[in-house]
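What follows is a set of notes on a single structure, which appears directly below.
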Amino acid sequence: MRISIITAVYNGESEIVRTLDSVAAQDHQDLEHIVIDGGSGDATVALVHQHGLRVSKCISERDRGVYDAFNKGLRIATGDAIAFLNAGDTYVNGSVVSRMAGVLTSADVDATFADALIVDRHNRQRVVRRYSSRRFTPARMRFGLMPAHPSLFMRRQLCERVGEYETNFKIAGDYEWCLRAFVRLSARYRYLREPVVRMPSGGLSNRGWRSKLVITHEMRRACKMNDIPTNYLLLSLRFAVKAFEFR
């Protein structure tokens, strides 16, 4: 099974090498790494060329944000399954991709996902929180619960049915994309109760209370777009769940 890994980056010279090295270290042989750069003004692209041992395609041009970058990657990906690993994110070991690919060889699985470790940006060995996908069910998406997106591996056929990411979202575009996959299309999935990705803290969705307000508003809009009944109170319940994940 060929796996396409799409990495979106913009001015990520301090983060991109970790991600490139992590993908290069994977023991899965048939792997395609696609890097979509938003027209960085730093050394990002040069570092991709120097360290991207398994990068098969690198596009560098201005875009309309991370979801536009994801779409560009989707259009050129040739894998049987597709995953997303942003600059700074790394796999926990060298067998993650082969493990996830093995799950997808089952005929009754359209997608697989696991947990993610949120680590201190300045001390990558310190785990701040374990983002658990264990409580996820399609019915609970109306409460704002979704699989850890960097841990999600999805068959190409399902990606094509889901379509592209909506680029008018700032933070919740991956949530809306998953609504289409798991609620509207009833994707068959398997959850692995283990961490497979390490993500540095301070990402788009966890930059303080302002980002929480934005993502909650966008989640409500995403549910409305997909005819899923919810409200701000229901979506806010996810914070109670996340509170138990901090260490």
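Just so you know, all these numbers are worked out from the coordinates, no wet-lab data involved. Because the structure is predicted, anything quoted here is derived from the model rather than measured. So basically every Cβ, Gly included, is an ideal-geometry build from the backbone, and we count neighbours across all protein chains shown.
For Leu145, which sequence-distant residues (separation of 5 or more, or a different chain) have an amide H within less than 5 Å of its own amide H, given hydrogens modelled in the peptide plane?
The list, which skips near neighbours in sequence, is empty: none.
Size of the dipole of region 34-144 about the Cα centre, Lys and Arg at +1 and Asp and Glu at -1 on the beta carbon, nothing else charged, in debye to 20?
Once rounded to the nearest 20, the dipole reads 460 debye.
Which one, Val103, Phe70, Ala172, projects farthest toward the positive side of the charge dipole computed for the chain from Cβ point charges (K/R +1, D/E -1)?
Working it through, the farthest residue towards the positive pole turns out to be Ala172.
Among DSSP beta bridges whose residues both lie in the chain, state the antiparallel percentage, nearest 5.
Counting DSSP beta bridges with both partners in the chain, the antiparallel share is about 35 percent.
For Val119, list long-range residues whose amide hydrogen, built 1.01 Å from N in the peptide plane, is under 5 Å from its own amide hydrogen.
For Val119, the qualifying residues are Val128, Met199, Ser201.
Most exposed first by the Cβ proxy, i.e. fewest other Cβ within 10 Å, how do His28, His51, His149, His122 rank?
Fewest to most other Cβ atoms nearby, the residues stand as His122, His51, His28, His149.
Which residues' amide hydrogens lie under 5 Å from the amide hydrogen of Glu13, considering only partners 5 or more residues apart or on another chain, with H built in the peptide plane?
Ala43, Thr44
First check a/c for region 94-247, with a ≥ b ≥ c the square roots of the eigenvalues of its C-alpha gyration tensor; if it is under 1.5, answer rounded, and if not, answer prolate when a/b is larger than b/c or oblate otherwise.
Oblate, because a/c is 1.5 or more while a/b does not exceed b/c.
What length, rounded to one decimal in nm, is gained on full extension from Ser201 through to Arg134, with 0.36 nm per residue of separation minus their alpha-carbon distance?
22.1 nm
HN-Hα J couplings of region 31-46 from phi, Karplus 6.51/-1.76/1.60, θ = phi - 60°, integer Hz, Gly and Pro as x?
10, 10, 9, 10, 10, 10, 9, x, x, 4, x, 10, 8, 3, 5, 4
Which ³J(HN,Hα) values in Hz, rounded to whole numbers, follow from the phi angles of region 105-110 under the Karplus curve 6.51 cos²θ - 1.76 cosθ + 1.60, where θ = phi - 60° and Gly and Pro get x?
6, 5, 5, 9, 10, 9
What spacing in nm lies between the two simple spin-label points modelled at Ser95 and Asn231, each 7 Å away from Cα in the Cβ direction?
It is 4.9 nm.
With contacts defined as alpha carbon pairs under 8 Å and 6 or more residues apart, what's the relative contact order of the chain in percent?
In percent, rounded to a whole number, it is 21.
Could you tell me the number of lysine pairs in region 3-243 with C-alpha atoms less than 22 Å from each other, where the two lysines are 8 or more residues apart or belong to different chains?
For region 3-243, qualifying lysine pairs total 7.
Could you please rank Lys224, Lys212, Lys72, placing first whichever residue has the fewest other Cβ atoms within 10 Å of its Cβ?
Lys224, Lys212, Lys72
Would region 25-169 count as rounded, prolate or oblate if I go by the C-alpha gyration tensor, calling it rounded below 1.5 in a/c and otherwise prolate when a/b exceeds b/c, oblate otherwise?
Rounded is the answer for region 25-169, as its axis ratio a/c remains below 1.5.
So, with +1 on the Cβ of K and R and -1 on the Cβ of D and E, and no other charges, what is the size of the charge dipole of region 3-243 about its Cα centre, to the nearest 20 debye?
1140 debye
Counting other C-beta atoms within 10 Å, which of Arg142, Arg134, Arg124 has the fewest, and how do the rest follow?
By the 10 Å Cβ count, ascending, the order reads Arg134, Arg124, Arg142.
Gap in Å between the Cα centre of region 86-105 and the Cα centre of region 39-83?
Each part's Cα centre sits 18 Å from the other's.
Using a Förster distance of 25 angstrom, determine the FRET efficiency expected from the C-beta separation of Ser186 and Arg221, and round it to 0.05.
That gives a FRET efficiency of 0.65.
So what's the back-of-envelope 222 nm ellipticity for the chain, counting only DSSP H runs of four-plus at -39500 (n - 2.57) apiece and dividing by all residues, rounded to 500?
Mean residue ellipticity, 222 nm, calculated: -9000 deg cm²/dmol.
Pick from Asp89, Asp115, Asp42: which is most flexible by mean-square fluctuation in a GNM of the chain where alpha carbon atoms under 10 Å apart are linked?
Among Asp89, Asp115, Asp42, the largest mean-square fluctuation in the Gaussian network model of the chain belongs to Asp42.
Any idea what angle helix 66-76 forms with the longest principal axis of the chain, computed on alpha-carbon atoms, 0 to 90 degrees, nearest 10?
So the inclination is approximately 60 degrees.
So what are the ³J(HN,Hα) numbers for region 172-177, from phi and the Karplus equation (6.51, -1.76, 1.60; θ = phi - 60°), rounded to whole Hz, Gly and Pro as x?
Result, ordered by residue: 9, x, 5, 5, 5, 5 Hz.
Calculate the FRET efficiency for Glu164 and Asn123 from the Cβ-Cβ distance with a Förster distance of 30 Å, rounded to the nearest 0.05.
Calculated value: 0.25.
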